[in-house]
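The values are calculated or read from the model by the stated rules, or taken from the named source; none is laboratory data. The model shown is predicted, which means the values in this text are computed figures rather than measured ones. In this analysis, Cβ positions are derived from the backbone assuming ideal geometry, glycine residues included, and neighbour counts consider all displayed protein chains. In case anyone asks, the SASA skips ligands and DNA or RNA and just uses the protein heavy atoms, side chains included. Shrake-Rupley method; radii C 1.70, N 1.55, O 1.52, S 1.80 Å.
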Amino acid sequence: MGTGAHPRLANYLQRISIAAAVALASSTAAFAADLTVGYVTKSATNQGWILINKGAADAAKEAGVELITVGPSAANDLGGQLATIENMINRKVNALAIAPADSSGVTPAVKKALERKIPVVAIDTAIYGADVTSFVATDNLAAAKAQAKWVSENIDDKGSLILVNGSVAQSTGRDRRDGFVNTLKELKPNATVYEVQTKWDQTEAQNGVEALLRAHPEVTVIANAWDGGTMGSIAALKAARKKAGDIKVVGFDGAPDALKQMKLGWVQADIAQLLYLQGFKGVTAAIKAARGEKIEERIDTGHAVVVPENLEKYVQDNHLGSL
């Protein structure tokens with residue numbers, strides 16, 4: 001996911017504060033609510049997370065509940081998330097929605113919440129080792145397969161490509177990597193994949209792609225596990241004095257900055273999540289669980305293969321305003 005804020009989302013960004021790990025943001029409602037839901041997000045500045053967070057806030061507003069949105073002071077700050085979850089438990093929230101920085105690292109805190117009879121809904125990334133109430137996210141394996149299929153149709157049988165991974169310590173990163181690699185191996189068994197490992201860091205993506213482009217100038221495609229990687233890859237291509245379209249770029253997320261680059265010819269496809277819907281459905285599930293209503297254990301929010309031909313429809317359908 002990208003790190004810059006889209007102009008039409010800037011006002012919303014100002015409404016979410018990710019301060020120190022235990023700092024609490026303002027609630028989404030100024031009125032007394034029958035329920036309070038704690039929402040532990042990963043970021044307030046990443047473009048994809050801005051959309052997820054907006055969906056979460058709108059779900060709470062529509063249901064008339066108080067939503068406390070909190071996150072760590074830096075991305076992938078597991079310690080900050082653990083402290084935040086502990087703080088939410090102490091505040092006796094009625095339910096928790098959590099986008100974990102580490103699928104296993106948050107487990108002790110999640111178990112404690114569940115022991116206190118606080119329902120927990122995982123958003124975007126699975127939580128391992130704890131029987132969470134529901135997991136609301138894109139089916140990352142299915143989406144990664146769709147990405148690999150697009151690449152297979154846009155590369156020679158013995159072609160070479162770069163795959164920019166996110167953190168494989170998280171289910172999201174692992175599923176996107178495995179789904180892509182395994183599917184491409186089936187479809188194009190003789191293709192060569194050079195991998196860049198990151199912790200969802202755009203600079204790591206750029207540096208890794210730059211190094212691989214120097215070592216393997218025959219590369220014709222760059223696939224990315226998130227759109228921060230997409231933006232890093234584009235920066236690497238520009239540093240290598242490539243022109244838009246010289247090497248095909250496929251993103252993952254549907255973040256506004258990457259979609260804008262599609263308009264400019266740098267991105268040829270993006271495996272887009274329905275990000276707003278992910279936040280909306282995640283918090284809606286937490287609210288239902290707090291009210292004792294039955295919810296599905298796994299809620300797939302879907303994905304779409306966005307290409308220039310259907311770009312405008314995706315933008316309109318997913319609350320992105322205009323690029």
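Label-to-label distance, T203 versus D178, with points set 7 angstrom from Cα along the beta-carbon direction: 3.1 nm. Here the range 149-251 is described by how far its Cα atoms reach on the three principal axes: 33, 31, 20 Å, from widest to narrowest. With a cut-off of 8 Å between alpha carbons and a minimum separation of six or more residues, what is the relative contact order of the chain in percent? Computed value for the chain: 20 percent relative contact order. Structure note, pairs K54/K263; K149/K243; K111/K294; K54/K92; K61/K263: Cα-Cα distances above 27 angstrom occur for K61/K263.
Remark: relative contact order (the range 140-289) = 22 percent; criterion is Cα-Cα distance under 8 angstrom and separation of 6 or more residues. Considering only alpha-carbon pairs that sit under 8 angstrom and 6 or more positions apart, the relative contact order computed for the range 73-119 is 47 percent. Count Lys and Arg as plus one, Asp and Glu as minus one, and take only other residues whose Cβ is under 13 Å from that of L78; the net charge is then -1. The Cα atoms of the range 127-175 cover 44, 18, 11 Å along the three principal axes, with the biggest extent listed first. Charged neighbours of P119, selected by a Cβ distance under 14 Å, balance to +3 (K, R count +1; D, E count -1).
Phi-derived couplings, Karplus 6.51 cos²θ - 1.76 cosθ + 1.60 at θ = phi - 60°, listed residue by residue for the range 116-133: 8, 6, 9, x, 10, 10, 8, 10, 6, 10, 5, 10, 8, x, 9, 7, 5, 5 Hz, with x used for Gly and Pro. Computed about the Cα centre, the dipole magnitude for the range 64-120 is approximately 280 debye when only Lys and Arg (+1) and Asp and Glu (-1) carry charge, each at its Cβ. For the range 263-323, a Kirkwood hydrodynamic radius built from all Cα pairs, placed in the Stokes-Einstein relation at 37 °C and 0.692 mPa s, yields a translational diffusion coefficient of 243 µm²/s. Protection proxy ranking, highest mean first, for peptides 197-207, 251-261, 298-308, 41-51: 251-261, 41-51, 197-207, 298-308, where packing is the per-residue count of other beta-carbon atoms within 10 Å, averaged. Note on the chain: Cα convex hull, mean projected area over all directions, 15.2 nm². Rounded to the nearest 20, the size of the Cβ-charge dipole of the range 201-323 about its Cα centre is 200 debye, with Lys and Arg at +1 and Asp and Glu at -1. Tell me, what % of the accessible area of the range 187-323 is carbon and sulfur with a 1.4 angstrom probe? C and S fraction of accessible area: 49 percent. Expressed as a whole percent, the accessible area of the range 113-172 that falls on carbon and sulfur atoms is 48 (1.4 Å probe). Placing +1 on each Lys and Arg Cβ and -1 on each Asp and Glu Cβ, with no other charges, gives the chain a dipole about its Cα centre of roughly 360 debye.
Convex hull volume of the C-alpha atoms in the range 172-323, normalised per residue: 130 Å³. Taking all protein chains into account, the per residue accessible area for the chain stands at 41 Å² (1.4 Å probe). Principal axis extents of the Cα atoms in the range 46-85, from largest to smallest and rounded to whole angstrom, are 32, 22, 9.
Say the dipole of the chain comes from +1 at the beta carbon of Lys and Arg and -1 at that of Asp and Glu; which of V120, I271, L78 then lies farthest toward its positive end? Of the options given, the answer is L78. Phi angles across the range 154-170 convert, under the Karplus curve 6.51 cos²θ - 1.76 cosθ + 1.60 with θ = phi - 60°, into 3J(HN,Hα) values of 10, 9, 5, 4, 10, x, 10, 9, 10, 10, 9, 8, x, 6, 7, 6, 9 Hz, Gly and Pro given as x.
The alpha carbon centroids of the range 235-269 and the range 78-151 are separated by 31 Å. Extension gain, K92-L187: 0.36 nm per intervening residue step, less the Cα-Cα distance, totals 29.2 nm. Counted by Cβ distance under 14 Å from K242, the other residues give a net charge of +2, where Lys and Arg count +1 and Asp and Glu count -1.
The helix-only estimate of mean residue ellipticity at 222 nm for the chain, built from DSSP H runs of length n ≥ 4 each weighted as -39500 (n - 2.57), is -13000 deg cm²/dmol after division by the residue total.
The angle between the Cα long axis of helix 227-239 and the longest principal axis of the Cα atoms of the chain comes to about 30 degrees, rounded to the nearest 10. Nearest 10 degrees, 0 to 90: what angle lies between the long axis of helix 202-215 and the longest principal axis of the chain (Cα atoms)? Taking Cα atoms only, the helix is inclined about 20 degrees. Stretching the chain fully between T220 and K242 yields a gain of 6.8 nm (0.36 nm per residue, less the alpha carbon separation).
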